[in-house]
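Before any comments, here is the structure.
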Amino acid sequence: MASETYQPKNVCVIGAGPSGLVAARELRKEGHRVVVLEQNHEVGGQWLYDPNVEGEDPLGRSPTLKVHSSLYSSLRIISPRESMGFTDFPFAVKKGRDMRRFPGHTELLLYLKDFCDWFGLRELIRFNTRVSYVGMLDGYHVVGCKDLKWVVRSMEKKAEIFVEEVFDAVVVASGHYSNPRLPSIKGMDAWKRKQMHSHIYRVPEPFRDEARQYIVVVVVANSLSGQDISIDLVAVAKAIYLSARSLDISKGLSKVISKHENLHLRPQIESLQEDGKVLFVDGSWITADTIIYCTGYSYTFSFLDTKGIVTVDDNRVGPLYEHTFPPSLAPSLSFVGIPKKVIGFLFFESQAKWIAQLLSGKTTLPSRDDMMQSIKEFYHSREVAGIPKHDTHGIGDFEYCDRYGDHSGFPHLEEWRKELCYSAHIHADADLTFRDSCDDHELLQKAFQSPYFAQFRPQDLDFL
Ligand SMILES: Cc1cc2nc3c(=O)[nH]c(=O)nc-3n(C[C@H](O)[C@H](O)[C@H](O)COP(=O)(O)OP(=O)(O)OC[C@H]3O[C@@H](n4cnc5c(N)ncnc54)[C@H](O)[C@@H]3O)c2cc1C
């Protein structure tokens, strides 16, 4: 039963990436007072490409990583633009910009800047301000979290002192693709040559080998970035060995490998030897100059002190009801953008709406016990399905998104959106150059006749 008294809250949003921006928009729409703290000089989060990785720890093991974005220069979006936009702000084609259906990363940054400016969000954001601590205000204990307040400590880049503020609620939207996750390989610490994580890979130039006689690179993991980076390198290096957990690879990748005689597939690495040798589990070996680990990222919230209520255990952030609220701190502490493999922007929007409405008392959560029970059942269902703990938040099927939408009163994903994403997926499997070849003509006709597109003026869309 929703409360009848409307109580606008002072809310701090951490991060001005896609999640933080849409959270700020929804919170303000709901009447809350919002401050967004963003460590960077501009909005965009991951989409704010940062070419300057000089001085960054190559393996990202240092706790003080400076660079947030893990994007490389050649990156293009993985799902078509028509499927990506927020519900009231399509990712439309703009003349004079990157008009491709799967544009490069800069175009998505421009879209996010447009979104920010269109909804006047810039005035809510304090840029160059890094949050170093979020904790419960002394004197409040975690029983009736209705009155719980949060202390947020932050520092503006040029200032010398920390600023401490108290908020009614904190929304964590700090992203989770910045903290490198590394495999554990025998001999890794003793291997003397260059080892780096894809977090700091930007361009192929440092691997340029004019005579194509020297530079040999091992790319670890057949992930999306592993594939992209291998393809980036074929034009410059002598040889690239893509080391994959399974040799049962997609048709698309097989095609690329057969087209480039300097690109080879290898199984997992068995061990590394001091003299530069890389031994694979099938007994083959090579001598390499560089190893690039494209092995993903770990969740980390170094600023967050919940007295052990929220932990990250084997990449599971928990306990979180619907990947959003820790039951005993809800709704004053929430997380946007934790799930992986979802249609991101719409998912963030639905989470943001839910949080904003809960904070204003328009809607309520189940009891703490019921939320805990739901979390336990979710963990159990994942275990039964054989999904490892570290993939707890990889929920990416459409049905789950729809079920999730029901919690927040958010519309189900339209069929055309699902079909466009499936189509991209299928095309990507068959051909890695799918971004330029899949035109989805019929699906697009269907999409453009949908109520979603009907709400916009033709000049706002310009898709066709
Ligand atoms: C290589 C790569 C390719 C990708 N490709 C796609 C794609 O094609 N399509 C797609 O939908 N998604 C893709 N993603 C996922 C992408 O991360 C999401 O689209 C989206 O950026 C997540 O938004 P977010 O706001 O949750 O996090 P982020 O975009 O990471 O934003 C978080 C923000 O929080 C700020 N922040 C963090 N810590 C602090 C702090 N302590 N104080 C203040 N500010 C802080 C950061 O500076 C940042 O601005 C890709 C990711 C990577 C790494």
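The values are calculated or read from the model by the stated rules, or taken from the named source; none is laboratory data. The structure presented is a predicted model; accordingly, all values stated were derived computationally and were not measured. Glycine gets a Cβ as well: all are built from the backbone with ideal geometry, and neighbour counts include every protein chain shown.
If you check V172, V256 for being farther than 21 Å from L71 by Cα and assigned by TED's automatic domain parsing to the domain that holds D305, only one passes: V172. Report, by residue number, each residue of the range 386-400 that is farther than 26 Å from L413 by Cα and either among the aliphatic types (A, V, I, L, M) or assigned to a loop (DSSP other than H, G, I, E, B) (or both). Within the range 386-400, G386, P388 meet the criteria. Consider V336 carefully, then state whether it is modelled with pLDDT of 95 or more, within 16 Å of the ligand (Cβ to nearest atom) and either closer than 30 Å to D168 by Cβ or crowded, with 16+ Cβ neighbours inside 10 Å (or both). For V336, the condition - modelled with pLDDT of 95 or more, within 16 Å of the ligand (Cβ to nearest atom) and either closer than 30 Å to D168 by Cβ or crowded, with 16+ Cβ neighbours inside 10 Å (or both) - is met. For the range 51-73, what are the residues that are under 20 Å from G344 (Cβ atoms) and over 14 Å from the mean Cα position of the chain (by Cα)? If the condition is that a residue be under 20 Å from G344 (Cβ atoms) and over 14 Å from the mean Cα position of the chain (by Cα), then Y72 is the only one that fits. Filtered by the rule that a residue be out of contact with any Ser or Thr (no Cβ under 6 Å at 6 or more places or on another chain), small (G, A, S) and not in a helix (DSSP H, G or I), the range 344-385 gives S360, S367, A385.
Per-residue answers, yes or no, for (1) touching a residue at least 40 places away in the same chain (Cβ under 8 Å); (2) polar (S, T, N, Q); (3) over 22 Å from K446 (Cβ atoms):
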residue	(1), (2), (3)
N52	no, yes, yes
E56	yes, no, yes
S70	yes, yes, yes
S74	yes, yes, yes
F89	no, no, no
L108	yes, no, yes
L112	yes, no, yes
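Counting only strands (runs of 3 or more DSSP E) that fall entirely inside the range 243-311 and contain at least 1 residues that are free of Cβ contacts under 8 Å to residues at least 40 places away in the same chain and surrounded by 14 or more Cβ atoms within 10 Å (Cβ to Cβ), the qualifying elements are 263-266, 277-280, 285-287.
Assess whether H197 counts as being over 30 Å from K353 (Cβ atoms) and crowded, with 18+ Cβ neighbours inside 10 Å. Against the criterion (over 30 Å from K353 (Cβ atoms) and crowded, with 18+ Cβ neighbours inside 10 Å), H197 qualifies. When the range 200-237 is filtered for residues that are surrounded by 16 or more Cβ atoms within 10 Å (Cβ to Cβ) and of a type in the set (D, E, K, R), the ones remaining, listed by number, are R202, D209, D228, D232.
For the range 54-106, the set of residues classified as within 15 Å of the ligand (Cβ to nearest atom) and β-branched (V, I, T) consists of T64, V67, I77, I78, T106, listed by residue number. Taking the conditions (1) within 29 Å of the chain's Cα centre (by Cα); (2) more than 16 Å from the ligand (Cβ to nearest atom); (3) not hydroxyl-bearing (S, T, Y) in turn, D228 satisfies each one other than (2). Selection of first residues in the range 212-240 that are in contact (Cβ under 8 Å) with a residue 24 or more places away in the chain and of second residues that are surrounded by fewer than 20 Cβ atoms within 10 Å (Cβ to Cβ) and aromatic (F, W, Y), restricted to Cβ pairs under 7 Å at least 6 apart or on distinct chains, gives the following pairs, ordered by first then second residue: K238/Y214. Evaluation of G175 against the conditions (1) surrounded by 14 or more Cβ atoms within 10 Å (Cβ to Cβ); (2) part of a loop (DSSP other than H, G, I, E, B); (3) over 24 Å from the mean Cα position of the chain (by Cα) shows that the sole unmet condition is (3). Would you be able to say whether some residue in the range 398-409 is exposed (fewer than 15 other Cβ atoms within 10 Å of the Cβ), of a type in the set (S, T, Y) and not assigned by TED's automatic domain parsing to the domain that holds D228? No - not one qualifying residue is present in the range 398-409. Scanning the range 30-50 for residues that are outside any loop (DSSP other than H, G, I, E, B) and either closer than 20 Å to G344 by Cβ or not assigned by TED's automatic domain parsing to the domain that holds V163 (or both) yields a total of 4. Per the listing F89, F119, the residue uniquely more than 19 Å from the chain's Cα centre (by Cα), of a type in the set (F, W, Y), at pLDDT 95 or above and surrounded by 16 or more Cβ atoms within 10 Å (Cβ to Cβ) is F119.
The condition (being outside the structural domain of S332 (by TED's automatic domain parsing) and modelled with pLDDT of 95 or more) is satisfied by just one residue among G187, G104: G187. Taken together, the criteria place E322 among residues that are at pLDDT below 95 and closer than 30 Å to R403 by Cβ. Screening S19 on (1) assigned by TED's automatic domain parsing to the domain that holds L75; (2) at pLDDT below 95 shows it passes everything except condition (2).
Look through the range 168-202, keep the residues that are among the polar types (S, T, N, Q) and in contact with a Pro (Cβ under 9 Å, 6 or more places away or on another chain), and return whichever of them is farthest from the ligand (Cβ to nearest atom). Only one residue tops the list, namely Q195.
Considering (1) surrounded by fewer than 23 Cβ atoms within 10 Å (Cβ to Cβ); (2) over 30 Å from I231 (Cα atoms), the lone condition that V53 does not fulfil carries the number (2).
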